[in-house]
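Trainee: Let me give you the structure first, and then I'll get to my questions.
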Amino acid sequence: MRVLKALQLMKLKRLDIHGFKSFYHRTTVVFDEGITGIVGPNGCGKSNIVDALKWVMGEQGAKSLRGASMEDVIFNGSGQRGPMGICEVSLTFQNDGKSEVPQRWIDVPEIAIRRRLERSKGSDYSVNKQRCRLADVQDLLSGTGVASGPGGRRAYAIIEQGQISKIVSAKADERRLLIEEAAGISRYRQRRQLAERKMVSTEQNLERVDDIVSEVERQMRSLRRQAKKAERFREYRDEARQIAVLVALFDYLELKDGLEQQRTQVESLLNAEKDSIVAVQTAEATRLAVQTQERDIALKVNATSARLRRVEETVLVARERIAGYARERDMLHAQLNQAQRDLAVGEGRRSELELELDETVARCSQLEAESGELKSMVTQRVDAHKDSARRVIEARADLEGHVRKEAQEVQVITRARADLEMGVRMQRELAIRRERLAQQNQGQRDRLASHMETVSDCKTRLIDAQAAEALAETGLQTATKDAQASRGHLDQCVEKERDLRDEIVTKTSRHDSLIELERRRDDLSDGCKSILDAQLEGCLGPISGLWDVPQEYEAALQSALSINMDAVVMDSMASKRAAIVYASEAETSKVLLAQMNTASVNRTTQLPAGNTAIGYLVDLINPSKGRDLLAHCISDALLVESIDDALEVLEKGFSGSVVTRAGDRFLADAIACVGRAGDDLGPLQRKREIRQLATEIDELKAAHEALKSALDEARQAVDAARHTLDEARTQARTTAIVRAEQQKEFEQLERQRVLLAQSTERFDLEMAEIERQLETNQSLEQDAKGRLRDAESNRGDHQRTIRDAEDIVSQREQIRDQALGDMHDAKARANTVGERLIGMRTLVSRLERQINEIQVRRERVVSVGDDVERRLAELQALVESDKTQCALDEESAAEFSGELASVKSEHETLREKVLQVDDSLENTRAKRDEIRTRLGDGKLELESIKLRADNIALRMKERYQVELMEAADNMEGLERPGPESVVRLEELEILLEKMGDVNVSAIDEFEAVAERFEFLTTQRDDLLSALADLESAIKEIDQTSKALFIETFEAVRGHFRELFPRLFRGGEADLELTNPDDLLATGINMNVSPPGKKIQSVELLSGGEKAMCAIALIFAVFRHRPSPFCLLDEVDAPLDDANIGRFNEVVREIAQRSQVILVTHNKRTMEIADSLYGVTMEESGVSKLVGVRMS
């Protein structure tokens, strides 16, 4: 319950995505309490949010992220955007300080995990902006149910598309992982694995310690044998040290004297170098001054050229502007002429209307006077003649209507004429523009065709360069392999030569050591050494060097000779007598003398019967010389195979001596000498080994010479391969550079081609637009012409109708007057005057309205004309100003051209001066370099002398621990060693070298080895104790894991039994262990029975039933151990509406413990969300997020 509480308090707060898959823009997903829904159409990037969550928490499998490699998660571009080189995802948790996190993060209120990936590089992890390892992220999230485990084990908090059915179909061992993650065993499993690795390491260390202890014991035995050899070595070394130090001291002092002389010469050259440096600096200062002047003049040339270019550009721009003003002026003149024509037409019509108005007003005045006179008469006759008056009024109304229609047609004619003229002008301008665009478009197409040929040539060169690069790369790989093979062969030859040289040195050292032992005669008595050192006449040496004995008889002969091995052999009785006299006079110790050419000796024994004896030793050896002497020494020595054979021979009564091949010796029944000899070689073995070593050394030297020839050939092959490799690398670099340049050129040409194609498309669009405008304008022009024709025709009709109407009015008035004349002439005349007065007044109003309309149009035309005149005046002023400025700029350009020529001449003069100064500077530098070369040689000689002196001092210090400077202060009375001392030193060095490697501190090393032996024994005991502790820790971890597993299993099992019938509305389900006796390895089986069914295997369930079973298991795990969040990616896809409702009920329950994130297409599932995020692709290939808070 403590873990449950901690996990409830750790909440998911925010997810930041940038450059991950389809999320090009930086996108933030804020997770609130409750249920967060993510919706959107297929392919818009919903599942990419799920992948981002897995990826930032340490997912290592590219396939689980739906990619082939990890770089596939980086935004790879769209139709409008290029690919990115980096992606970054950050996941932020809210921590209240009580969550089960590592100690260092307990008091941190927010924990932000960030993962960043660059192309061709690995991932970088950080927690709260502190760089960390993947293991740190996994440790932080371990046991929470949200992180992937080792080996790609999936977290139970994230259920993806298709994974829900795999939970049901999984093997029993795989299903166990859910329970382990819910139980928090993963941390204990990691600890157990760590303990096992430590145990293996401890066992390996224990084996190594045992091996070291055995080696140390062997070293202790070896050190005991080295002590005697170390004493002799110290004697030789001390004598050699005394002579070597004295020789080195005198050599050192001579080098010191030469060092002082060389130092004086170097100081003289240093002074000369300083003078040459001053001369070079003076020359460089002169050169710098001249170069400064030259740069100033060059800057002046550039400035003058720039000013000239600016003035020329200004003149060109002014000329283009003047041409533009001229075109605008022509257009304004055309507009002004049209306005004047419109004004003249309007003025003519106005004059006609004003004249007609004046006439009408005069007639109105007359009628008003006449009406006043007849007013009284009109009043009396109105009622009688209403019918006639009504008809007259109707005729006049018809007349007025026709007059108004005629005025409207005049307006239509005016507008149609204006539209017609505007259309003609636009048609002309569009035609000019079309012609200009056609010329430009043709030029652009020609340039595009030429550019396409250039692109094709460049592409061909690029393909050739790529092929050359591939060929060079292949050559480089071949050269690399050849170089590696040659180097490997050389290394083998060097290794063989080194081994052969080491073998030669070892055998030579052994041979020389044996020769030295032979020369020193340490195995001989002092008396024997005295006789041999006296070099008496007739002395043939020790008896052991007289015969060449087969190796199989060496031990037997040495044992048979016994004390006779110390005998000195003389060639005659006389020489033997002289040796005896010398030994007496010199009072040497006891010495055994033997004589060659003695009388033969008869054997006193007989060869025993049987196959036991091999034969008499003297007969078996049968030497070519000194056989009689050998017979005197061992005439009755019988050789047998073994001690048993010797005893058997003696039991048969043999009275002579019996020896075995191993060197055991028996003298009848009285004395027996048995047992192994020491490690030291006997004289016979030593002589034989000297001969064998000499032969082997000659053979090895011959093989070494042959190998040296092979080594020289291998070195030559390596040099040739290295040269070929360098050439291949140079060729590869050259071809790579050429390919890169061709690639760059091709890309640049391709961009230019795209721009040219786009420009051609723009020209085509403009041409199409102009054609469309021309067609539109032509139709408008035809329409205007038609309207003009119709309006003029209608106007003529209306004028004829007006005349007809006026005739009708006149006729009706005559009829009315004629009818009234008979009865009431005065009243008739009054009525007639009144009616005509009304008609005249109406006509006056109509005429005044038409005159006002013409006046308004006149004012508008006058205003347009004034604007045109004002703009023409402005254009004339601008043209005059630009012409004036253009003339001034042309004058300035001429001045700048002259100034530029003058400055360039001065610049050339200064350049020649710079070249002269450079020549002088090079000569001065050459002299300085010559002095420096001599100075360098002098310094090298100085360093060489100093180095030789230091080497002598260092050699003496390293080899003999002698400071020559201190020894030089105490050399009074010392003389330089003579040649004999040098010869003695060489002899001592040869002796020391022949002795080979000598452990001069064998006793001290023995004590150190003994101490180390004791230490290693203690370490071995400690390792055994640590091994026992690790075994105990593993047992404790196993017990804890078992307890947690069985506790979690029972809890999840109970929740599963409860949730299954709730989701299926009946039925039974259970979980069981496959091996309850082994809780650390047991699997988990799932037994389910939906309502009304008896299922033998979960594989027989339908897709929806499998999904519901898996949901029941996942939610059972969540009930026992909630994680910070639960992510369900389209889990509800296989569910029907009824199951969706039950699924939503359980999701709401889970949302009370953990944050739930739903990726869904189901509308009913969307309804339970507290907040919704919609994922769209407004721009193809780029996901965008839109958030809505539902509550």
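Trainee: Sequence gap of 8 or more, or different chains, plus Cα separation below 24 Å: how many lysine pairs satisfy both in segment 524-679? Intermediate results must be reported in sequence, preceding the final value.
Mentor: Numbers: Lys529/Lys576; Lys529/Lys590; Lys529/Lys625; Lys576/Lys590; Lys576/Lys625.
Value for segment 524-679: 5.
Trainee: Then there is this: Could you tell me what percent of the DSSP beta bridges with both partners in segment 524-679 are antiparallel, to the nearest 5?
Mentor: Once the DSSP bridges in segment 524-679 are tallied, antiparallel ones form about 65 percent.
Trainee: If you wrap a convex hull around the Cα atoms of segment 524-679, how much volume per residue is inside, in Å³?
Mentor: Values: hull volume 19.1 nm³, N = 156.
So the per-residue hull volume is 123 Å³.
Trainee: Starting from the Cα of Lys459, draw a straight line to each of the lysines and keep only those under 17 Å, dropping any in the same chain fewer than 8 residues away.
Mentor: Leaving aside lysines fewer than 8 places away in the same chain, those within reach of Lys459 are Lys744.
Trainee: Please state, as a whole number in µm²/s, the translational diffusion coefficient that the Stokes-Einstein equation yields for segment 1020-1161 at 37 °C and 0.692 mPa s, with Rh defined as the Kirkwood radius across alpha carbon pairs. Write out the running numbers ahead of the final one.
Mentor: Details: Rh = 17.4 Å.
In µm²/s, the coefficient is 189.
Trainee: Something else about it: How charged is the neighbourhood of Glu435? Take every other residue with its Cβ under 12 Å from the Cβ of Glu435, and add Lys/Arg as +1 and Asp/Glu as -1.
Mentor: Working: positive: Arg428, Arg433, Arg434, Arg436; negative: Glu429.
Counting the neighbours of Glu435, the net charge comes to +3.
Trainee: Taking 7 Å along the Cα-to-C-beta vector as the label spot, tell me the Asp1004-Arg14 distance in nanometres, rounded to one decimal.
Mentor: In this crude label model, Asp1004 to Arg14 measures out at 6.9 nm.
Trainee: Within the set of other residues whose C-beta is less than 10 Å from the C-beta of Gly67, count the net charge using Lys and Arg as +1 and Asp and Glu as -1. Walk me through the intermediate numbers first.
Mentor: Values: positive: Lys21, Lys63, Arg66; negative: Asp51, Glu71, Asp72.
Result for the local shell: 0.
Trainee: Rounded to two decimals, what is the ratio between the C-alpha radius of gyration of segment 680-755 and 2.2 N^0.38 Å?
Mentor: Values: Rg = 31.3 Å, N = 76, 2.2 N^0.38 = 11.4 Å.
Here the answer is 2.74, to two decimals.
Trainee: In nm, what is the difference between 0.36 nm times the number of residues separating Glu231 and Ala467 and their Cα-Cα distance?
Mentor: Numbers: separation 236, 0.36 × 236 = 84.96 nm, distance 7.45 nm.
So the chain would gain 77.5 nm between Glu231 and Ala467.
Trainee: Right, something else. Given the DSSP H assignment, sum -39500 (n - 2.57) over each helix run of at least 4 residues in the chain and divide by its residue total; what's the result at 222 nm in deg cm²/dmol, nearest 500? Present the calculation step by step, with values, prior to reporting the outcome.
Mentor: Details: 21 runs with 830 residues, N = 1191.
One gets -25500 deg cm²/dmol as the mean residue ellipticity at 222 nm.
Trainee: Could you list Glu239, Glu313, Glu585 so that the one with the fewest beta carbons within 10 Å of its beta carbon is first and the one with the most is last? Show your work: numbers first, answer last.
Mentor: Numbers: Glu239 15, Glu313 11, Glu585 8.
Lowest count first: Glu585, Glu313, Glu239.
Trainee: I've got another one for you. Can you compute the modelled spin-label distance between Lys744 and Lys913, with each label point 7 Å from Cα toward Cβ, in nm?
Mentor: Here the modelled spin labels are 3.9 nm apart.
Trainee: Can you classify segment 277-338 as rounded, prolate or oblate using the Cα gyration tensor, where a ≥ b ≥ c are the square roots of its eigenvalues, rounded means a/c under 1.5, and otherwise it's prolate if a/b beats b/c and oblate if not?
Mentor: Details: a/c = 14.40, a/b = 12.36, b/c = 1.17.
Taking the square roots of the gyration eigenvalues as a ≥ b ≥ c, segment 277-338 is prolate.
Trainee: What is the spin-label model distance, in nm, from Arg487 to Ile990 if the labels are put 7 Å beyond Cα along the C-beta direction?
Mentor: Label-label distance for Arg487 and Ile990, simple model: 4.4 nm.
Trainee: Ok, one more. Which of the peptides 837-843, 299-305 is most tightly packed, and how do the rest follow, going by the mean number of other Cβ atoms within 10 Å of each residue? Intermediate results must be reported in sequence, preceding the final value.
Mentor: Working: 837-843: 18.6, 299-305: 15.0.
Descending packing order for the listed peptides: 837-843, 299-305.
Trainee: Also, I was wondering about something else. Assuming R0 = 51 Å, can you tell me the calculated FRET efficiency for the pair Lys256 and Glu495, based on Cβ-Cβ distance, to the nearest 0.05?
Mentor: Values: r = 44 Å, r/R0 = 0.86.
Computed FRET efficiency for Lys256 and Glu495 comes out at 0.70.
Trainee: Starting from the Cα gyration tensor of the chain, multiply each eigenvalue by 5, take the square root, and state the resulting semi-axes largest first in whole Å. Walk me through the numbers on the way to the answer.
Mentor: Numbers: eigenvalues 3085, 670, 151 Å².
Equivalent-ellipsoid dimensions as semi-axes: 124, 58, 27 Å.
Trainee: I need the calculated FRET efficiency for the pair Ser981 and Arg934, taking r as the beta carbon distance and R₀ as 35 Å, to the nearest 0.05. Please report the intermediate quantities before stating the final value.
Mentor: Details: r = 40 Å, r/R0 = 1.15.
According to the calculation, E is roughly 0.30.
Trainee: How would you rank Phe20, Phe1056, Phe763, going from fewest to most other Cβ atoms within 10 Å of each one's own Cβ? The partial results should precede the final answer.
Mentor: Details: Phe20 27, Phe1056 23, Phe763 18.
If I rank by nearby Cβ atoms, fewest first, I get Phe763, Phe1056, Phe20.
Trainee: Could you tell me how far the Cα centroid of segment 903-917 sits from the Cα centroid of segment 306-335, in Å?
Mentor: Between the Cα centre of segment 306-335 and that of segment 903-917, the gap is 41 Å.
Trainee: Kindly list the residues of segment 978-1009 that lie in the label zone of Gln219, defined by a backbone N under 16 Å from the point 7 Å along the Cα-to-C-beta vector.
Mentor: Taking a point 7 Å out along Cα→Cβ of Gln219, the residues of segment 978-1009 whose backbone N falls under 16 Å are 998-1009.
Trainee: For Thr460 and Gln752, what is the calculated FRET efficiency with R₀ set at 25 Å and r taken between the beta-carbons, to the nearest 0.05? Each step should come with its number before you reach the end.
Mentor: Numbers: r = 17 Å, r/R0 = 0.69.
Rounded to the nearest 0.05, the efficiency is 0.90.
Trainee: Can I ask one more? Stretched out fully, how many nm does the piece from Ala334 to Gln442 gain, at 0.36 nm a residue minus the Cα gap?
Mentor: Length difference between fully extended and current span is 35.7 nm.
Trainee: Taking neighbour Cβ counts within 10 Å as the exposure measure, how do Leu357, Leu638, Leu988 sort from fewest upward? Don't skip to the end; give the middle numbers.
Mentor: Working: Leu357 17, Leu638 26, Leu988 20.
Starting with the residue having the fewest Cβ neighbours, the order is Leu357, Leu988, Leu638.
Trainee: Under the 0.36 nm per residue contour assumption, what length would be gained going from the current alpha-carbon distance of Glu435 and Arg197 to full extension? Mind showing how you got there, number by number?
Mentor: Numbers: separation 238, 0.36 × 238 = 85.68 nm, distance 8.72 nm.
This chain segment gains 77.0 nm when fully extended.
Trainee: Right, something else. Straight distance only, please: which lysines reach the Cα of Lys1035 with their own Cα at less than 28 Å, same-chain residues fewer than 8 apart left out?
Mentor: Once the sequence-local lysines are set aside, what remains near Lys1035 is Lys171, Lys198.
Trainee: Taking segment 1135-1179 on its own, what percent of its Cα-Cα pair distances exceed 17 Å? Please list the in-between numbers first.
Mentor: On the way: 350 of 990 pairs.
Of all Cα-Cα pairs in segment 1135-1179, 35 percent lie more than 17 Å apart.
Values quoted throughout were computed directly from the atomic coordinates according to the rules given, and no laboratory measurement underlies them. This structure is a prediction, so every number in the text was calculated from the model and none was measured. All Cβ positions, even for glycine, are placed from backbone atoms using ideal geometry, and neighbour counts span all protein chains on display.
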